[in-house]
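Read through the structure below, which is laid out as structure tokens, and then see the notes.
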Amino acid sequence: MAEPWRDRARRAVEWNWRLRSAGDPRPHYVICGKDALAYYVARAMLESELPAGGARVTVVVPERYRSNGPDVAGLRGVRVVRSDRLDVATFEAAGLAGATGLALLHQDDVGNLHAALCAQAVDQRVRQVLRMFNGTLADGVRKLLKAPVEVLSDAEMAAPAFVAAALGEVDPSSFQHRDKTLRVARRADVRAQDVVCALADVSEQGVELLPAEQAGADLVLAEATGQPPGTEVAARRLVRARRRRRPVTVLLGAVRGFATRKIGIAVMVVLAVIAVLGALISRAEDVSPVEALYLTLVTTLSGADPDTDKAADAQIMQVVLNLAGLALIPLITAVVVDGIVNARLALHTGRLQPARAGHVVVIGLGNVGTRVMAQLREYDVEVVAIDKDPEPRGGTLARQLEVPLIVGDAALPETLAAASVADCQALVVASTDDVANLEAALAARDLRTDLRVVLRLFDGDFAERVEETFALGVSRSVSYLAAPAFIGALTERAVISTIPVDRHALPVAEVPVAAGSELDGRPLDVVNRDGQVRLIARTPVGGAKTIWWKDLDPRQVIFAGDRLTVVARRRGLDWLTRQCAPPARTGPVPRPAGPVHGGVHAPAAAPPSVPDPTDAAVAASAPGAAHPVPPVGGAPSTTNGGPTDDFELTHRYDGTGEVS
């Protein structure tokens, strides 16, 4: 059978890309993934303002897949390779040999490890960035691979933002750099002398990042001076409130959950009959209430000797009491058995739980939900988990932390009632299904309208409309919060930390100044750019002591070898990296060509000539240059759509971001 024309066209396009890339001096990055994290990383690499005039990006996606959010294969300017296996043949087809970096971003730890080993067989020198959840496996990967490797966990980086939103605090970002520990805080919570720089000014018009007016900013980066962060303070307050709950309320809640409703009603009816007959006996026998109670209990529990001389009404009451006693004994047995069965079911499925108040409910024990649950328990906050899977990824850890796990659909009212959602502190919806997350959030709001909901949604446009229509609470994007760290590791930038601010992310990075760069010999005041870059420290060449913000003089001269620590937006960090880079070469950059086996390049024929990219690099560095720089030679694309102007998720620029 002849090859379909679509396959022939795709092969022709891929072959054309190989011919063009052979002499292309731009760095080449291979990204393997299909979700929003791969989308953000690929888009940032396309928009990067590197001295060589941008980057070439190849994305490897499965043959058929469903994108739960922005589609990485829909980016304009990427080369798309479709393969269901990340093996040696796939990496050779993607042109991994001689590439600058490889990002393995699938949510499969073992699959990423296998792909890393296959990539090492193709080229041992390519820099690899792996996405992994298992910390123990990540430590082993660093030792196992011969290639330069960085292993990151997006769930671990994003979990603090979910915890802070659940407790009603700012994102508790903190990091240690050189000899200081810095953290994000509200300006009112820190001393003025501890403020490093202003991060954001929040108003009704929106969020202004790195504002020019430092004194009026609501959110600041401050030096940690031993005071606990706001998240820890909020958690302590919640724990104290839980301990002050009345023990009688807890006891009544436990009694209500001990037996089913039908058995409880039956027991109450029988006890009511016994009480009424006891009162009648007291009146008929003309005895005291204590004696009447004695006669009633003896007659009910042990029966009474027949007495034909009694009046007819007394004989009738005696028979009824005996029948009630016969019914009461099995009912008591049923209550005990039902309580034992309920306890076993609660232990196994978590559906039958005593009433709680002031706790946090986490829906979905995947990568993110498990991290959120663990961090809340570190603060001693009571947690109840809900998941459809009886054995979710975080099920074992939930049992170790003694967190009740309710197995069921979180959109059902009975499941939410079993978790006492109506009385909880907050609801964190962190599963990987947008529709299920929204259904659970809406069902929870039906139980309590003022409930704080932290919602994870992948599709950005969908999340934006949900926020405007339903006002469900805080939305968080795991991929967006973690993307800057993956980008920094892939490009070998020293990204120290990523600070989430609303739906934005500010990377903290240390950038070295190269000899002959634009900043070599310039004063420090040229580094700060309102809304883009804020300088917080400078480490002089030669390993001298770091000069922090308090002692920085804007008139000081920058020397080659200095390292500048900044808080910046993505575009500002690109600008600073370009300004600190060595001057561009005047001719084409030689690149190894030909197949690679075991990390050794085989000789290949001379590549066809390509236009000199130097002019494009100079134009990219000029003020007002368009971004991103298109591929050299106008290389064809197999996809539609295009990157946006900025990486931040704002209503003004981007409507396609994952929000979770």
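Read-outs: derived from the displayed coordinates by stated rules, not from any lab. On a predicted model such as this, the values are computed, not experimentally measured, just so you know. Cβ atoms come from the backbone with ideal geometry, glycine included; neighbour counts cover every protein chain shown.
Per-residue packing, averaged as other Cβ atoms within 10 Å, sorts the ranges 574-580, 447-453 into the order 574-580, 447-453, beginning with the highest. The phi torsions of region 133-146, fed into the Karplus equation with coefficients 6.51, -1.76 and 1.60 and a -60° offset, translate into couplings of 9, 6, x, 5, 5, 4, 4, x, 5, 4, 7, 7, 7, 7 Hz, rounded to whole numbers, with Gly and Pro shown as x. Cα-based values for region 100-192, radius of gyration first and Dmax second, are 17.6, 55 Å.
What percent do you get for the relative contact order of region 113-231 when only Cα pairs under 8 Å and 6+ apart count?
Values: 177 pairs, mean separation 23.2, N = 119.
Normalised by residue count, the contact order of region 113-231 is 20 percent.
In this structure the amide hydrogen of GLY408, modeled in the peptide plane, comes within under 5 Å of the amide hydrogens of ASP387, LYS388, none closer than 5 places in sequence on its chain. Computed from the Kirkwood radius of its Cα pairs, the Stokes-Einstein diffusion coefficient for region 422-539 at 20 °C and 1.002 mPa s stands at 123 µm²/s. Amide hydrogen proximity for ALA103: with H placed 1.01 Å from N in the peptide plane, the residues at 5 or more positions away or on another chain lying under 5 Å are VAL30, ILE31, CYS32, VAL129.
Show me the three semi-axes of the equivalent ellipsoid for region 352-488, from the C-alpha gyration tensor (sqrt of 5 times each eigenvalue), largest first, rounded to whole Å.
Details: eigenvalues 99, 74, 34 Å².
Rounded to whole Å, the semi-axes are 22, 19, 13.
Looking at region 117-214, the trypsin sites (Lys or Arg not before Pro) that sit in a DSSP loop and have at most 12 other Cβ atoms within 10 Å of their own Cβ are LYS146, ARG191. In percent, rounded to a whole number, the relative contact order of region 54-110 is 34, using alpha-carbon pairs under 8 Å and six or more apart. Placing one equal scatterer on every Cα of region 404-475 and applying the Debye formula, the log10 ratio I(q)/I(0) at q = 0.16 Å⁻¹ is -0.50. In this simple spin-label approximation, VAL290 and GLN205 carry label points 7 Å from Cα along the Cα→Cβ vector, and these lie 8.3 nm apart. Amide H contacts for CYS197 (H built 1.01 Å from N in the peptide plane; partners 5 or more residues away or on another chain; cut-off under 5 Å): LEU221. Straightening the chain between LEU412 and LYS143 buys 92.2 nm, computed as 0.36 nm per residue apart minus the Cα-Cα spacing.
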